[in-house]
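For reference, the structure discussed in these notes is given below.
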Amino acid sequence: MKARNIESIVSGGLFAVLAASPFAFGSVHPWSYGIESSAIFALFAIVLLKVWKKGRLKITSTLSNYLLPSALLFFTLQAVPLPSSIVYAVSPGRAAIDAASGRHARYESLALYPWAVKQQAFFLAAALLIFLLTINLVRRKEQVERFQATLYITGLILAGLALIQRVSAGEPSFLPFINRNHFAGYMELLVPMTVSALAYNLGRLRKKESAKETLLQAVSSSTGSKIIFLLFLAVIFSACIVLTYSRGGMGGMIFSLVVLAALTGRNRNIALASAVCGAAIVFFVFHTDGGMVAGRVERLVNGTAGSAFLREETWNDTASMIKAFPAPGVGLGGFETAFPYFKTNSIQMNFFQPESDYLYVLAEGGIIGLSLAAAFILIFFYETWGRFRLRKDPFAKSVYAGAAAGLSALLVHGLVDTSLHMPSILFTCSALLGLAYVSVSVRFRYPTDGERDKYIRAKSLSLAGFPAKAAIAACITLALAASAAALSSAAADLTYRFGLNLKSRLALSGTASRRDYEELRGEFNAACVLDPFCAEYEFERGRAEEWLADYCAAKEYLERGLNGRSREYYTAALESYDESLHLNPYSSFGHLLKGRLLARGFGRMGGQERQYEAALRLNPTSEFIQAQVRHLKERLAYSPGAVQ
């Protein structure tokens with residue numbers, strides 16, 4: 001296969017992941033980011049396979065290359081068992097938690113929940129790989145424009161779904177994300193990118209003698225069509241952020257436009273594009289639901305916002321957690337496990353995150369995790385800022401400015417929310433930063449003398465020897481193994497969710513059979529086989545086995561009750577029915593049998609009526625039960641004295 005074809009496959013795979021990730025509920029569930037991470041690892045393996053066949057490695061020389069192995073080493077350090085004395089020394093809070101839970105082991109991991117470390121490591125490693133693949137594969141202006149077009153179309157579809165939700169349901173817009181703040185975070189990446197591209201295309205219009213001629217040129221030319229389309233996108237994206245009523249989202253968007261204006265200096269086109277978008281947003285929003293937006297901003301200013309008090313309490317409790325786990329944190333994905341030990345408020349709910357990206361990183365990664373995250377951002381600006389200032393290409397400057405402004409929006413929004421911890425947002429941000437890196441580093445056209453020495457230089461290494469080939473083969477094997485593990489984890493989560501769905505149906509069904517309970521056990525058992533280290537899967541499998549055992553025992557008691565009723569041992573039969581319903585309270589058949597026994601053996605027609613109504617509640621679609629209840633009510637209407 002030719003090198004160009006391999007690059008096309010990898011680029012197409014990246015496009016597919018970026019386009020699909022927002023629609024899978026923001027890729028917040030393990031099945032969604034597991035599939036996407038598996039695809040990224042597979043694409044990385046394809047690139048390594050091309051390197052192995054050519055016998056030469058050509059890689060972009062950047063300090064970011066060292067972050068991936070550093071991050072993997074840190075993830076491994078969190079998950080592997082270590083002597084408990086070392087763990088308690090670096091994490092004082094771990095000793096207190098183990099003592100409170102009665103857990104004492106010779107070896108412990110730094111992470112409270114090692115399985116969650118693996119899950120979180122999948123999409124964090126995939127995000128780093130998206131950045132590295134982008135800066136190593138994108139070399140032409142057309143590729144950058146394809147990336148942008150993919151995000152434009154994805155954002156437009158998301159905006160359409162959100163506006164449909166707003167118009168049809170009258171709710172804040174955030175479909176298909178599960179949280180309006182996360183939807184606003186995704187749109188914050190697209191607004192500055194769109195405004196920057198709009199300003200670039202405005203600069204491409206040739207100035208005419210009159211405004212009328214300039215307008216006619218804008219309408220008739222291809223550049224003018226792009227301007228109209230980008231203006232439409234900028235207005236729609238910005239309006240969607242405001243209609244989420246997310247105060248952090250609105251603040252991040254405004255800050256990103258300020259950063260965009262600062263990066264582009266005295267570019268009048270940026271000011272014009274921002275002014276037009278702002279005017280359109282003000283007109284659109286305050287003619288639809290301006291009172292709601294103004295009310296949320298006013299409550300925040302006055303300090304009467306209920307979410308602000310909850311956030312403050314959560315932040316204080318998270319700060320206590322960080323003090324107890326200063327260096328390594330509680331482990332990736334371990335916030336939900338550790339937070340109950342530090343929670344001081346009386347609200348009965350699970351806290352999945354601390355409402356701040358910075359506290360999230362500190363809580364789960366400690367000082368080491370925060371240092372790695374800060375190192376990535378600092379390395380990016382250290383290696384690109386000088387090149388950006390020397391670039392003369394307006395297209396390259398617009399790409400860089402849009403991506404940097406989008407990152408600034410997320411950093412501001414991250415003060416009060418956890419948008420950067422959403423895989424879809426993190427994947428998109430990594431791709432945009434990769435495009436920004438490429439835009440100021442690659443010769444889209446012949447450079448001027450002031451730029452020539454600032455372009456990227458790729459290292460080319462020969463892999464002719466056996467050790468080098470073996471190392472690349474080992475990396476390919478590792479990438480494929482990671483891809484298979486991520487896919488297996490995604491399949492396990494899907495199977496687990498199917499099992500939960502079946503469990504809820506059985507709980508509401510009064511006609512469940514042994515085959516249904518065996519199917520339930522099979523779903524959870526399959527999840528445990530696909531991902532054997534998840535405590536939730538093991539717990540649900542144990543519950544399913546208990547349900548199956550209870551069903552079998554309840555069925556046996558029902559048979560005893562039927563036998564006792566046939567021999568007119570009514571008291572023993574009633575005890576058997578009670579024991580059966582205790583083991584399996586969702587059996588409509590058991591309620592029917594008990595009702596008949598109460599009427600026949602004890603003359604308690606009222607008790608029969610209550611049992612029949614319970615059976616009908618469990619199985620409301622059964623025509624047989626409906627007929628039995630109707631017939632009983634007719635009998636009671638003619639003999640009211642029989643009701644007991």
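A few comments on the model shown:
- Residue within the range 540-548 that is open to solvent by 40 Å² or more (accessible area, probe 1.4 Å), farther than 30 Å from residue 593 by Cβ, free of Cβ contacts under 8 Å to residues at least 24 places away in the same chain and touching a helix residue (DSSP H, G or I) at 6+ places or on another chain (Cβ under 6 Å) present: yes
- Within the range 348-374, if we keep just the residues that are over 21 Å from residue 248 (Cβ atoms) and in a loop (DSSP other than H, G, I, E, B), the residue that is least open to solvent (accessible area, probe 1.4 Å) turns out to be 350.
- Checked against (1) assigned to a helix (DSSP H, G or I); (2) buried (at least 21 other Cβ atoms within 10 Å of the Cβ), residue 512 meets all criteria but (1).
- One residue stands out among those in the range 375-393 that are assigned to a loop (DSSP other than H, G, I, E, B) and out of contact with any Phe, Trp or Tyr (no Cβ under 7 Å at 6 or more places or on another chain): the one that is most open to solvent (accessible area, probe 1.4 Å), which is 392.
- Among the residues making up the range 394-441, a single one is charged (D, E, K, R) and either part of a helix (DSSP H, G or I) or out of contact with any helix residue (DSSP H, G or I) (no Cβ under 8 Å at 6 or more places or on another chain) (or both): 397.
- Against the test of being within 30 Å of residue 77 (Cβ to Cβ), buried (at least 18 other Cβ atoms within 10 Å of the Cβ) and not hydroxyl-bearing (Ser, Thr, Tyr), the options 116, 105, 162 yield a single qualifying residue, 116.
- Just one of the numbered conditions (1) out of contact with any Asp or Glu (no Cβ under 7 Å at 6 or more places or on another chain); (2) open to solvent by less than 20 Å² (accessible area, probe 1.4 Å); (3) of a type outside the set (D, E, K, R) is not true of residue 52: (2).
- Of the candidates 595, 606, the single residue that is modelled with pLDDT under 80 and part of a helix (DSSP H, G or I) is 606.
- Residue list for the range 95-134, filter: outside any loop (DSSP other than H, G, I, E, B) and either free of Cβ contacts under 8 Å to residues at least 60 places away in the same chain or within 18 Å of residue 342 (Cα to Cα) (or both): 95, 96, 97, 98, 99, 100, 101, 107, 108
- Counting only helices (runs of 4 or more DSSP H) that fall entirely inside the range 166-245 and contain at least 3 residues that are modelled with pLDDT of 85 or more, the qualifying elements are 180-204, 222-243.
- Criterion violated by residue 97 - all others in (1) touching a Phe, Trp or Tyr at 6+ places or on another chain (Cβ under 6 Å); (2) within 22 Å of residue 531 (Cα to Cα); (3) at pLDDT below 85 satisfied: (2)
The values are calculated or read from the model by the stated rules, or taken from the named source; none is laboratory data. Just so we're clear, the structure is a prediction, and the values are computed from it rather than from any experiment. FYI the Cβ positions are ideal-geometry reconstructions off the backbone, even for glycines, and counts take in every protein chain you see. Please note that ligands, DNA and RNA were not included when accessible areas were found on the heavy atoms of the full protein model with its side chains. Shrake-Rupley method; radii C 1.70, N 1.55, O 1.52, S 1.80 Å.
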